1. Does the stretch 2-10 contain any residue that is within 30 Å of residue 211 (Cα to Cα), in contact with a helix residue (DSSP H, G or I) (Cβ under 7 Å, 6 or more places away or on another chain), open to solvent by less than 10 Å² (accessible area, probe 1.4 Å) and within 11 Å of the ligand (Cβ to nearest atom)?
2. Only one of (1) away from the ligand (no atom under 15 Å from the Cβ); (2) within 23 Å of residue 79 (Cα to Cα); (3) hydrophobic (A, V, I, L, M, F, W, C) fails for residue 352. Which number is that?
3. Could you look through the stretch 151-163, keep only residues that are open to solvent by less than 20 Å² (accessible area, probe 1.4 Å) and in a loop (DSSP other than H, G, I, E, B), and pick out the one that is farthest from the ligand (Cβ to nearest atom)?
4. When you go through 329, 342, 385, 375 one by one, which is the residue that is among the acidic types (Asp, Glu) and within 16 Å of the ligand (Cβ to nearest atom)?
5. Please go through the stretch 170-206 and give me each residue that is outside any helix (DSSP H, G or I), touching a residue at least 40 places away in the same chain (Cβ under 8 Å) and among the polar types (S, T, N, Q), ordered by number.
6. Check 486, 462, 492, 482 and return the single one that is free of Cβ contacts under 8 Å to residues at least 12 places away in the same chain and in a helix (DSSP H, G or I).
7. Output the number of the condition that residue 42 fails; it satisfies all remaining conditions of (1) in a loop (DSSP other than H, G, I, E, B); (2) within 15 Å of the ligand (Cβ to nearest atom); (3) in contact (Cβ under 8 Å) with a residue 40 or more places away in the chain; (4) surrounded by fewer than 18 Cβ atoms within 10 Å (Cβ to Cβ).
8. Name every residue in the stretch 208-247 that is farther than 14 Å from residue 318 by Cα, among the β-branched types (Val, Ile, Thr) and surrounded by fewer than 24 Cβ atoms within 10 Å (Cβ to Cβ), in order of residue number.
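The values are calculated or read from the model by the stated rules, or taken from the named source; none is laboratory data. If you're wondering where the values come from, they're calculated on a predicted model, not measured in any experiment. Neighbour counts are summed over all protein chains in view; Cβ atoms, including those assigned to glycine, are modelled from backbone coordinates with ideal geometry. All accessible areas refer to the heavy atoms of the entire protein, side chains included, with ligands and DNA or RNA removed. Shrake-Rupley method; radii C 1.70, N 1.55, O 1.52, S 1.80 Å.
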Amino acid sequence: MSLLQDIVIVGGGTAGWMTAAALSTVLRGRYRIRVVESDEIGTVGVGEATIPMIQRFNRVVGIDENEFLRETGGTFKLGIEFVDWGRVGDRYMHGFGRLGQDLWSVPFEQYWHRMRALGRAQPLEQYCITRMAAKANKFMPPRTDFGNSPLADIAYAYHFDAHLYARYLRGLSEARGVLRTEGRITHATRRGEGAHAGHVDAVVLESGERIAGELFIDCSGFRGLLIEQTLQTGFEDWTHWLPCDRALAVPSESVKPLTPYTRSTAHRAGWQWRIPLQHRIGNGHVYCSAHVSDDEAAATLLAHLDGKPLADPRPIRFRTGMRRLAWNENVIAIGLAGGFLEPLESTSIHLIQQAVQQLLDFFPDRGFSAPDIAEFNRHSRFHWERIRDFIILHYHLNQRDDSAFWQACAHMTVPDTLREKLDLYRSHGRIVRRDNELFSEVGWIQVMEGQNLTPLRHHPLAELRDEPDTVEYLEGVREVVAKCVAFMPDHAAYVAEHCAAKPAPHPA
Ligand SMILES: Cc1cc2nc3c(=O)[nH]c(=O)nc-3n(C[C@H](O)[C@H](O)[C@H](O)COP(=O)(O)OP(=O)(O)OC[C@H]3O[C@@H](n4cnc5c(N)ncnc54)[C@H](O)[C@@H]3O)c2cc1C
C-alpha cells in the first residue's frame, strides 16, 4: 500500500482548524499537515452554538472542557428556545437528551399522547429535564451516582466565541505539528497526465509560493476555492425549500440571567438568533431578501436585542444547498465550502465534525479508491438531506397568517422524506429515525408538538396499561424531573466556579 504524505487544508476558519486538530491528533505525526489561511480575507466569524455531539469531537481531540470554555468565553447549552414559530405568541424549547422514561416496548410519548387526549397529561416539557432546567437557568453535567435518575440524562452542548474557538484549535493543532502558512491563494494547479490527471497538485499564493499536496481539504468558506472554483463540482440549490438568503450579525452587551440555551425568535420573513456567551451575546437575523429589505431587517434585529449593541450589524449573504459532491478528485470540501444550512438547529459545526469523521473512516492512500469516494459522498448527502428536512419542518409547520413569507412556507411542497415523517406522526404519533440520521425521535416530537401538530391517534399498545396507572406513571416522571431541576445549580454560578473566562476575550 502506498501511503500519501502531504495534506493541505485550505482555510483557517472553524472548519480548517477543527479538521487540523482532529487529523493531527489521530494521524500522530505520520503525515505532513499544512493549513493555509489569509488574515486579509478572514473568516465568516459566526457559528457559536453547537449540539451535544461536539463533546465527542472534544474527547477525540483531547480537549479539557473547562479550559476550552475559559479560552473561548463559552457557556453551556441545554437546548434551543423557539419563540413565535408555530403562531405568534407561541414558545417552546427543543431540549437535548431524553424525554420521560420508556416503559415496556411503547415509547414514553405514546402514553403522553393518550393521556393528553383525555386531558390528563401536563405539557410535554415537564417530562424533560433539559427543558425544565433551561427554563430555570440551571446547569450541571450529568451525574451517574444517583442511580436511575434523570440527572444521568443531562445532554448538553456549548456556546462559544467563534474567533476564540478557531484560535484555540489553532494553538492545539500547531502544538501537534500542524504547519501554518499565511497568505492569499490566487489559484490551484492540476495534474495534466498520469493516473490522477485532474487532481489538484498545488495551491499558489500571491507571493508566488507554491504549496504542493496529495490530499486537499477545502475549508475556504462559501467561495469553495478548490471544490468549485477549481473543480467546478456544482451546487445543489435548496432555496425553494429554505428561501432565507441573508443574515445580519451583531454582538450585544451581556444581560442577566446567563441563559443555558440558544433562542430563536421568528420574525416577519426570517428569524433571529440569540447566543449567550460569558462576555457578550451573539445575535443575528436570518432573513429572506425577497420579503424584507436590508434596512428593515437591521431595524428588526436591533429592536429585539436584550442589551446594547456593541457594533454595527454585519451583513452575510448565503445560498442554501450543498455541493453535488463533497469529495471530488483529491479534494474534500468541509464546512461552508461544502454547502450551507441555516443555523436554526446549530448543525453546521456538527457537519464539519461529521465530515472529519467520515474522512477518517474512508481515509485514502495514494490509490484514491473510487468506491470509497462514492461511499463518502453517499454518507455526506444522507446527513445533509436529513438535517435539511428537519430545518424545513420548522418553516413548514406554521400557522402564522401575518406575512406572505410564512404562508408560502406553510403551503410549499416538502421533500418526500419529510412528508413521510409528517404523515407517520399525524396518523399515530410515531417517529422513525432512519439509519443514523442526526435528529432523534425526541428532537422531532418536540418541534412537531411545539408547532402544534397533534396526532389523530396513539399507539394501540399504550392502552395496555390502565388509565390510573398511566396517570401515576406520568406524574412520577414529572415529579422526579422537578426535584432534579431543583437540585441543579444556577448556570451562571456553575460557569463562575468551573470555567470563568479570562478578563478580556475578543469583543465581537
Ligand atoms: C449567519 C450564520 C450563522 C451561523 N451560526 C452557526 C451556529 O450557530 N452554529 C453552527 O454550528 N454553525 C453556524 N454557522 C456556520 C459556521 O459559521 C460555519 O460552519 C463555520 O464557521 C465554518 O466556516 P468555515 O471555516 O467553513 O469558513 P470561514 O470561516 O469563512 O473560513 C474560510 C477560511 O478560508 C480562508 N480563505 C478563503 N479564501 C482564501 C484564499 N484565497 N487564500 C487563503 N485563504 C483563504 C479564509 O481566510 C478563512 O480562514 C453559521 C453560519 C452563518 C453564515
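1. Our first condition is that a residue be within 30 Å of residue 211 (Cα to Cα); within the stretch 2-10, this holds for 2-10.
From the residues that got through so far, the ones that are in contact with a helix residue (DSSP H, G or I) (Cβ under 7 Å, 6 or more places away or on another chain) too are 7, 9-10.
Narrowing the set further to residues that are open to solvent by less than 10 Å² (accessible area, probe 1.4 Å) leaves 7, 9-10.
Pick out the ones that are also within 11 Å of the ligand (Cβ to nearest atom) and you get 9-10.
Yes.
2. (1)
3. 154
4. The match here is 342.
5. So in the stretch 170-206, the residues outside any helix (DSSP H, G or I) come out as 176-206.
From what is left, the residues that are touching a residue at least 40 places away in the same chain (Cβ under 8 Å) are 176-185, 187-188, 190, 196, 198-200, 203, 205.
Hit for the stretch 170-206 is 181, nothing else.
6. 486
7. Every condition holds for residue 42 apart from (3).
8. Selection gives 211, 230, 233.
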